Every structure is written in structure tokens, then in C-alpha cells.
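*Asks:* The following block contains the structure, expressed as C-alpha cells.
The values are calculated or read from the model by the stated rules, or taken from the named source; none is laboratory data. Here the structure is a predicted model, which is why all the values come from computation and not from measurement. Here the Cβ positions follow ideal geometry from the backbone for every residue, glycine too, while neighbour counts run over all protein chains shown. In case anyone asks, the SASA skips ligands and DNA or RNA and just uses the protein heavy atoms, side chains included. Shrake-Rupley method; radii C 1.70, N 1.55, O 1.52, S 1.80 Å.
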Amino acid sequence: MSELAPSRALAAARAFLGTPYRHQGSRQGVGCDCLGLLRGVWRALYGQEPEDPGPYGVDWSIRGGPDRLLDAARRHLIAVDIADARPGDVVLFRWRGGAPAAHCGILDESGRLIHAYEGATVVSSPMPQAWTRRIAGVFRFPE
């Protein structure tokens, strides 16, 4: 598989660094949440988003229900084995067994994750072992 999509996705995600956290936002420099970061990167890569996520509450994943984030990733991204993950790939996290995936980010270099951090900004932070144990899926943007 070509290196084009991951390297372009990583560059687009890095452009969001410092963007304030804003629930349901997806605009670089204005505000975004974790899904909004992915939506903004998608628009930078392809233009129009493939679907509208619709409104979602801050606590949508706590209530359980369908695995909307993981299902959407499967529809629009390419699943890759965690062992083949590389910078620019999308990572989804499930905080509890049986719960829907509730957080996402884009792998940065050196074992870091670019993600929207509630109460702060989009950051590139180390991804501790506790997080890697909660990975629900790894995906690559299509070429």
C-alpha cells in the first residue's frame, strides 16, 4: 500500500494541533472534538465528508448502544492490523469491554497520538500501555 494517504493524513492532523476542544466541532483553529478531528482530516484529504454523523451528546458512548464510531470507520476507512499501524493511521478506543468505541485519534510518530483532548486542545501526546490495551480498531485513510 502506498505511503501517500498516511503521510498526507498525518500532515493534515498536525495542522489541527492547538485547535481548541469543542464538542461536535470539526474546524481547524476554531474547535473540534475527537470525531471532528477525523472529519477535518477527511475534508483536507478528499473534500466532502462521506456522511453526516448527526448530533451526538457528550455522554453518547456511556449509554451503550450501537458502535457508531467503529461502524463508520469500517464503512469509510481501511482496517489494518494493529501490528501494521503507522503514523497517519486512525486509532479507535473502547474504554470498557462491551462498550462502544468512544475516542479516536491519529497516530503520530514516536508512539504518540494526535487527538482532541476535552477541556484543552488538539495535542500530540504519548500513548501509554493502558491506552494500547483499549484499542478497538486501527484504520487507514483510503488512497
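*Asks:* On the protein heavy atoms, probe 1.4 angstrom, tell me the percent of accessible surface of the chain carried by carbon and sulfur. Present the calculation step by step, with values, prior to reporting the outcome.
*Replies:* Numbers: 3790 of 7210 Å².
Its accessible area is 52 percent carbon and sulfur atoms.
*Asks:* List every residue whose amide H lies under 5 Å from the amide H of His103, counting only residues 5 or more places away in sequence or on a different chain, with H placed 1.01 Å from N in the peptide plane.
*Replies:* Those lying under 5 Å, H to H, from His103 are Phe93.
*Asks:* Working with all protein chains in place, sort Ile82, Ile114 by solvent-accessible area computed with a 1.4 Å probe, largest first. Please list the in-between numbers first.
*Replies:* Values: Ile82 100, Ile114 0 Å².
Descending accessible area places them as Ile82, Ile114.
*Asks:* Next up: Between Ala130 and Ala11, what FRET efficiency comes out of the Förster formula 1/(1 + (r/R0)^6) with R0 = 30 Å and r the beta carbon distance, rounded to 0.05? Can you show the working numbers first?
*Replies:* Numbers: r = 28 Å, r/R0 = 0.94.
About 0.60, to the nearest 0.05.
*Asks:* If you average the sequence gap of Cα pairs under 8 Å that are 6 or more apart and divide by the length of the chain, what percent do you get for the contact order? All intermediate terms of the calculation are to be shown ahead of the outcome.
*Replies:* Numbers: 278 pairs, mean separation 43.6, N = 143.
Taking the mean separation of contacting Cα pairs over the length of the chain, I get 31 percent.
*Asks:* Starting from the amide H of Gly25, placed 1.01 Å from N in the peptide plane, find each other amide H under 5 Å away whose residue is 5 or more places distant or on another chain.
*Replies:* Asp33
*Asks:* Report the accessible area of Asp81, computed with a 1.4 Å probe over the heavy atoms of all protein chains in place, in Å² rounded to the nearest 10.
*Replies:* 90 Å²
*Asks:* Related question: Could you give the size of the charge dipole of the chain about its Cα centre, using +1 on the Cβ of each K and R and -1 on the Cβ of each D and E, expressed in debye and rounded to the nearest 20? Walk me through the intermediate numbers first.
*Replies:* Numbers: 17 positive and 15 negative charges, 47 e Å.
Here the size comes out at about 220 debye.
*Asks:* Ignoring ligands, DNA and RNA, how do Glu118, Glu51, Glu109 rank by accessible area with a 1.4 Å probe, largest first? Don't skip to the answer; put the middle values down first.
*Replies:* Numbers: Glu118 125, Glu51 70, Glu109 95 Å².
Ranked list, largest accessible area first: Glu118, Glu109, Glu51.
*Asks:* Here are labelled values, (1) 90; (2) 105; (3) 157, and one is the computed volume of the Cα convex hull per residue in Å³ for what I pasted. Which one?
*Replies:* Among (1) 90; (2) 105; (3) 157, the one derived from this structure is (2).
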